[in-house]
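For reference, the structure is listed below as structure tokens.
The values are calculated or read from the model by the stated rules, or taken from the named source; none is laboratory data. Remember, predicted model here, so these are calculated numbers, not experimental data. A quick note on method: Cβ atoms are made from the backbone with ideal geometry, for glycine too, and the neighbour counts reach across all protein chains shown.
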């Protein structure tokens, strides 16, 4: 990440990067660790950290000099609405995990991709999954593709106009191929991404809709290609889609047919999209 930029917006972005690095870590972090993860200078990281400590959003361990989430960050979390997405999705996600054994992941749509909000570990002794706070791309993840498939056409066009990074030889990076994939996803009601983000891994995701028929999130099964094959088992897909519908209903989604709204019903297709 380059520290060069103009204006206060770039400074805010760097500050948020520092805060997120600490918030989503599994342990306390030091200045050097954060600087290496973000490709920033230690001096810049230290200044941001001290500001967050002074304001109470982070704390510094006096013994180790490492940083962790502070009281004001926890206070903000407590002020979030109780009926938030994670709270509403927890029960259906746990039922799905217990029924199939695969790790289950809840992601919310952002302008940049699918933000992982919550994960439930699978029942196998070897754990495979994604870390909460990770942001998955629209084009190389099942969660991102299913969100993009049900997104408004102008948003789709903006995403597909960006350079698309190749992660493996199976990553879709051409607009035409992705457009065909999105049409297929809206027809099937789910997306998969076998080895598109990392070799050996697969994910299958279904869309979550809010009360306004907008796809705002996705629930996904994640696992090795050995146990979550390239062509998902129909029974797994059926249970996954039902889980997404349960969460959607809790969010006030009231589609009478019981089916996710199709792209044609939700928005007009524009030429070339």
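Kindly indicate which of 199, 228 is part of a loop (DSSP other than H, G, I, E, B) and either closer than 23 Å to residue 163 by Cβ or not assigned by TED's automatic domain parsing to the domain that holds residue 102 (or both).
The unique qualifying residue is 199.
From the list 244, 263, pick out the single residue that is crowded, with 18+ Cβ neighbours inside 10 Å, modelled with pLDDT under 90 and touching a helix residue (DSSP H, G or I) at 6+ places or on another chain (Cβ under 9 Å). Step through it out loud before you land on a result.
Values: 244 fails: modelled with pLDDT under 90.
Residue meeting the stated conditions: 263.
For segment 71-92: of the residues being in contact with a helix residue (DSSP H, G or I) (Cβ under 7 Å, 6 or more places away or on another chain) and at pLDDT 90 or above, which is farthest from residue 16 (Cα to Cα)?
92
Looking only at helices (runs of 4 or more DSSP H) that lie completely in segment 33-150, which have at least 1 residues being surrounded by 14 or more Cβ atoms within 10 Å (Cβ to Cβ) and in contact with a strand residue (DSSP E or B) (Cβ under 6 Å, 6 or more places away or on another chain)?
Fully inside segment 33-150 and qualifying: 42-55, 85-100, 142-149.
Here's a check for you: in segment 187-201, which residue that is touching a residue at least 60 places away in the same chain (Cβ under 8 Å) and under 19 Å from the mean Cα position of the chain (by Cα) is surrounded by the most Cβ atoms within 10 Å (Cβ to Cβ)?
197
Which one of 180, 184 is at pLDDT 95 or above, out of contact with any helix residue (DSSP H, G or I) (no Cβ under 9 Å at 6 or more places or on another chain), over 22 Å from residue 88 (Cβ atoms) and surrounded by fewer than 17 Cβ atoms within 10 Å (Cβ to Cβ)?
The match here is 180.
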